[in-house]
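Worksheet for the structure shown next.
Computed from the coordinates by the stated procedures, all read-outs in this text should not be read as laboratory data. Because the structure is a prediction, the values reported are computed rather than measured. Positions of Cβ are backbone-derived with ideal geometry, glycine not excepted, and every protein chain shown enters the neighbour counts.
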Amino acid sequence: MPKLKKGTIIPTPEEDAAINRGIASDSDTYELGAADLKHLRRVGRPKSDSPKVQLTVRYDADIVEAFKAGGEGWQTRMNSALRDWLKTHRV
C-alpha cells in the first residue's frame with residue numbers, strides 16, 4: 001500500500017461500495033479492462049532532442065536579481081545570454 005499524505009481520508013468498505021455503485025450506474029463512466037489498459041500510453045512533455053543538464057552554480061546576487069527582475073523565464077534568458085557570449089568569446 002502506498003504511503004498516504006497526512007490528512008488523507010480512506011473510505012470505509014461501505015463507502016467504497018457506494019462509490020463503486022455510483023460509478024457503475026453512471027452511463028457516462030466506464031472502467032477500462034486489461035486489454036484497454038495495454039493500449040494506453042504515458043502523456044506529458046515529449047523528450048527533448050537537446051535536454052538540459054542540471055547543475056549547481058553560484059552567481060553574484062546582483063546578477064541573479066537582474067535576471068529575476070525580468071519575471072518568469074529568467075533562467076532561459078540567462079541561458080540565452082551565456083549562449084550569446086559564447087558566440088563572441090573562446091572558452
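Here are some notes:
- Rg and Dmax, both from the Cα atoms of the chain and both in Å, are 25.2, 70.
- Given charges at beta-carbon only (K, R positive; D, E negative), |dipole| of the stretch 8-91 in Debye: 940 debye
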